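A.B. asks: I'd like to ask some things about the structure below.
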Amino acid sequence: MTLAPIPTYAWVVPALPFVAAFLGLAAGRRFPGLIRPLAVLPTLAATALASWVAVAQGTGGVTERVARLLPVGPLEAYVGTRVDPLAATVGVMVCVVALLVQIYSSGYMASDPRYSSYAALVSLFTAAMLLVVYSADLIALLVGWEVMGICSYFLIGHHWETPGAQAAAVKAFVMTKLGDVPFLFGIFVLGLDAGSFRIGDVLAAAGAGQLEHAQAAALLLLGGVVGKSAQFPLHSWLPDAMAGPTPISALIHAATMVAAGVYLVARLYPVYLAAPVALAVLAVVAAVTMLGAALAALAQDDIKRVLAYSTVSQLAYMAGGLAVGAREASMFHLLAHAAFKALLFLAAGTVIHALGTNLMGEMGGLRRHMKTTFWTMTIGLAALAGLPPFAGFFSKEAILGAAEHAARHGGPVAAWAAWAVLVAGLVTVAVTAAYVTRLWLRTFFGRPAIERVAYEVPAVMAWPLVALAIPSALLGFLALRPDWLPARVGGDAALVPSSMTSALALLAASVGLLATHWVWRRDPAADPARVLGPLRRPCERAFSVDGLYEFLFVAPYRALVRLVRFTDDEVVDAYVRGSGVLARLAGAGLRLTQTGNVQTYLTGLLAGVVLIAISVVMAQ
């Protein structure tokens, strides 16, 4: 039996959660008992079908089925699917994480009065990401890209009655839209150069060197990538997005939204290989982002904000890997990160659910009361820190090894850019180990700062943690097989880390881990971040990037608004008000003559006649 024809029907994968979203909204009020099945079962079916598509696709070749959608000037837009090994693998990742988030949410959001709309939006969010993954045309991909943006707005602002959620939703929407403007023009440039918006035609034109404006297109597309994947300077929306429900944080950080940016670069990688300037810019952005976000994570007290800045930093690893030519290693890190970051956010959600607080300063000693959460989160944190033999070790060190190779022997990017990625990556390893250890110790060890009754969460929330802990622990071993994982993401070699970079990274991780543990042991009740001294405040405020935006953009805009308002109120409206005052004065003067007394009118008439007569006599 052959499974080869199955990818033809890959369009059903995003269609299932899309239909579930509308069914969930329709049934939400009339049939509340259907919400959970409508949230979970279609996503389960999409996961099964995505897995079937991945198996049928195998480790090579491309299956593409398109239909003409509409003409766009001299070009045409198509709707359809393009399934290659990368798309098939990432599609499975998206469906699995979305399924586990929906299952987890059925317990976490059980008492939420707006659970029906929440579940429907999660399904629509999943469908939009799957459209980005499988789309065969850049215009159709753009539709999924933008639908994700509006879904993130509604989901981040789910608790719209709180000012923090309102502000976070607006900030996320505006900052990602800022990146989407150049992204749209980048799609236009690619389409005009290639003569088609079909991804296959664009890649063929890039491979043949027929893109006249590859540099401009790649740089414009980076605007959307930087916005969606929360890279510097459009990164500050992601930590604020923690105002949304915790399961949404897991979905955004692990499998949708932020993953879309780096996936797009990998999807259009031949375009970037033809644009070395764009790769150099990506390398610099990645180097700055990975280290800056890691330092910011080291000083946060909110457990979700620690993980949020961690996501920004880990996405920068993927971007750095793409910049130095390690497409397979970057996509492997995308898969590993999806597993352990979804695990970490969901585990953080169980802690928040049990204690009712996000602040690590109010936690402590939870390992005795929340054993499932403790062990699964320990696996996730070890994978995040890049400790062997967990998945993060293999994926992260493969990127660092590729950066070392590009720095020493050349690659698609200049040597200085590769060195920047390598040095920043190694320093970030130490900082990552430090904030991971700090989170682990402050959450699960020591004495609770505030006495609370902690409890293990229900099974519907615990089993997703166990399911995600398995790939977080074991996925890295698959990278050692050159005939499986690299082939699944489009490569042709095993992702074995470099011995030198692995040794340096392990040394850096050990230094960060042991130094943090030593500081904590000296005073378990105090925050290890205190050793940052005067640097703690800037790190806690993420180096005041938002303050810089406030100074450069918001304050001048507000000043301009005040000037316009003053001009409108005191200049334009002054003439209107003045004409009204003049009319009122004239009316008041005229009113003095209109007394209603006949004798007064006759006296005035007689006086007028006398004056006229006198004037006539004098004139003679």
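The values are calculated or read from the model by the stated rules, or taken from the named source; none is laboratory data. None of these values were measured; they are calculated from a predicted model. Virtual Cβ from ideal backbone geometry, glycine too; neighbours counted across all protein chains shown. Accessible surface areas use protein heavy atoms only, side chains included; no ligands, DNA or RNA. Shrake-Rupley method; radii C 1.70, N 1.55, O 1.52, S 1.80 Å.
A.B. asks: Taking 0.36 nm per intervening residue step and subtracting the Cα-Cα distance, what contour gain separates Asp301 from Val62 on full extension?
C.D. replies: Details: separation 239, 0.36 × 239 = 86.04 nm, distance 4.66 nm.
Full-extension gain reported as 81.4 nm.
A.B. asks: Among 543-554, 154-165, how do they line up from the highest to the lowest mean number of other beta-carbon atoms within 10 Å?
C.D. replies: Details: 543-554: 12.9, 154-165: 17.2.
Descending mean neighbour count gives 154-165, 543-554.
A.B. asks: Rounded to the nearest 500, what is the chain's calculated 222 nm mean residue ellipticity when only DSSP H runs of at least 4 contribute -39500 (n - 2.57) each, over all residues? List each step's numbers first, then the result.
C.D. replies: Numbers: 26 runs with 436 residues, N = 620.
For the chain, the value works out to -23500 deg cm²/dmol.
A.B. asks: Given a 1.4 angstrom probe, what's the average accessible area per residue across the stretch 50-163, in square angstrom?
C.D. replies: Numbers: 3760 Å² over 114 residues.
Ligands and nucleic acids excluded, the result is 33 Å² per residue.
A.B. asks: Taking the Cα centre of the stretch 132-202 as the origin, how large is its charge dipole in debye, to the nearest 20, when only Lys and Arg (+1) and Asp and Glu (-1) carry charge on their Cβ atoms?
C.D. replies: Working: 3 positive and 6 negative charges, 32 e Å.
Charge dipole, the stretch 132-202, about its Cα centre: 160 debye, nearest 20.
A.B. asks: Then there's this: Considering only C-alpha atoms, what is the centroid distance from the stretch 260-277 to the stretch 224-257, in Å?
C.D. replies: Taking the Cα centre of each part, the stretch 260-277 and the stretch 224-257 sit 20 Å apart.
A.B. asks: OK, next. Which of the lysines could a cross-linker span from Lys396 if the Cα-Cα distance has to be under 21 Å and same-chain partners fewer than 8 positions apart are dropped?
C.D. replies: Lys341
A.B. asks: Still on this structure, I have one more. Scan the stretch 380-475 for GluC sites (Glu not before Pro) in coil per DSSP, keeping those whose Cβ has at most 13 other Cβ atoms within 10 Å, and list them by number.
C.D. replies: Within the stretch 380-475, the qualifying GluC sites (Glu not before Pro) (loop, at most 13 other Cβ atoms within 10 Å) are Glu451.
A.B. asks: Treat each spin label as a single point 7 Å out from the Cα along the C-beta direction, and report the Ala583 to Leu507 distance in nm.
C.D. replies: 8.5 nm
A.B. asks: Also, quick follow-up: Over the Cα atoms of the stretch 276-341, what radius of gyration and what Dmax do you get, in Å?
C.D. replies: 12.4, 40
A.B. asks: Aspartates and glutamates near Lys371 by alpha-carbon distance under 14 Å, same-chain residues fewer than 8 away left out - which ones?
C.D. replies: Reachable aspartates and glutamates: Glu456.
A.B. asks: While we're on this one: Quick one: if you stick a label point 7 Å off each Cα along the C-beta vector at Val545 and Gln210, how many nm between them?
C.D. replies: Taking the two extended label points, one gets 3.9 nm.
A.B. asks: Let me ask something else. Any chance you could run the full-extension gain for Val423 through Val19? It's 0.36 nm times the residue separation minus the Cα-Cα distance, nm to one decimal.
C.D. replies: Values: separation 404, 0.36 × 404 = 145.44 nm, distance 4.68 nm.
Length gained, Val423 through Val19: 140.8 nm.
A.B. asks: Moving on to the next point. Can you tell me the FRET efficiency between Ser499 and Ser111 if r is taken as the Cβ-Cβ distance and R0 is 41 Å, rounded to the nearest 0.05? All intermediate terms of the calculation are to be shown ahead of the outcome.
C.D. replies: Values: r = 53 Å, r/R0 = 1.28.
E(calc), rounded to 0.05, equals 0.20.
A.B. asks: Which distance in Å, rounded to a whole number, links the C-alpha centroids of the stretch 284-301 and the stretch 388-436?
C.D. replies: If we compute the Cα centre of each part, the gap is 15 Å.
A.B. asks: Could you check the simple spin-label distance between Arg521 and Val576, using points 7 Å along Cα→Cβ, in nm with one decimal?
C.D. replies: That separation, rounded to one decimal, is 7.4 nm.
A.B. asks: Contour minus end-to-end for Phe566 and Lys371, with contour as 0.36 nm per residue of separation and end-to-end as the Cα-Cα distance? Spell out each step's value before the answer.
C.D. replies: On the way: separation 195, 0.36 × 195 = 70.20 nm, distance 6.20 nm.
Between Phe566 and Lys371, full extension yields 64.0 nm more.
A.B. asks: How high is the FRET efficiency from Ala619 to Leu590, r the C-beta distance, R0 30 Å, rounded to 0.05?
C.D. replies: Here the calculated transfer efficiency is 0.50.
A.B. asks: Give the cross-link partners of Lys304 among the aspartates and glutamates, using a straight C-alpha distance below 15 Å as the criterion and excluding same-chain residues fewer than 8 apart.
C.D. replies: Asp240, Glu362, Glu540
A.B. asks: Within the accessible area of the chain, what % is carbon and sulfur when the probe is 1.4 Å and the other protein chains stay in place? Numbers along the way, then the final one.
C.D. replies: Working: 18020 of 25880 Å².
Carbon and sulfur: 70 percent of the exposed surface of the chain.
A.B. asks: Applying a 10 Å radius around every beta-carbon, put 337-349, 46-58, 105-117 in order of their mean neighbour count, most first.
C.D. replies: 337-349, 46-58, 105-117
A.B. asks: Before anything else, pin down the relative contact order of the chain: Cα pairs under 8 Å, at least 6 apart, normalised by residue count, whole percent. Please report the intermediate quantities before stating the final value.
C.D. replies: Details: 1085 pairs, mean separation 76.3, N = 620.
After rounding, I find 12 percent.
A.B. asks: Something else about it: In the chain, which helices (entire DSSP H runs) extend 20 Å or more along their own long axis, judged by Cα positions, while averaging at least 1.6 on the Kyte-Doolittle scale? Write down the numbers at each step before the final one.
C.D. replies: Details: long enough: 12-27 (22 Å, 2.19); 35-57 (33 Å, 1.33); 85-108 (34 Å, 1.67); 115-134 (28 Å, 1.64); 138-156 (27 Å, 2.04); 163-194 (46 Å, 1.14); 214-228 (21 Å, 1.48); 276-298 (33 Å, 2.41); 303-323 (30 Å, 0.75); 327-355 (41 Å, 1.13); 371-385 (21 Å, 0.95); 391-409 (27 Å, 0.07); 415-444 (43 Å, 1.38); 459-478 (29 Å, 2.01); 499-522 (34 Å, 0.84); 573-593 (31 Å, 0.45); 598-619 (31 Å, 2.03).
Helices meeting the span and hydropathy rule in the chain are 12-27, 85-108, 115-134, 138-156, 276-298, 459-478, 598-619.
A.B. asks: List the residues whose amide H sits under 5 Å from the amide H of Ala77, counting only those 5 or more places along or on another chain, with H placed 1.01 Å from N in the peptide plane.
C.D. replies: Leu69, Leu70, Val72
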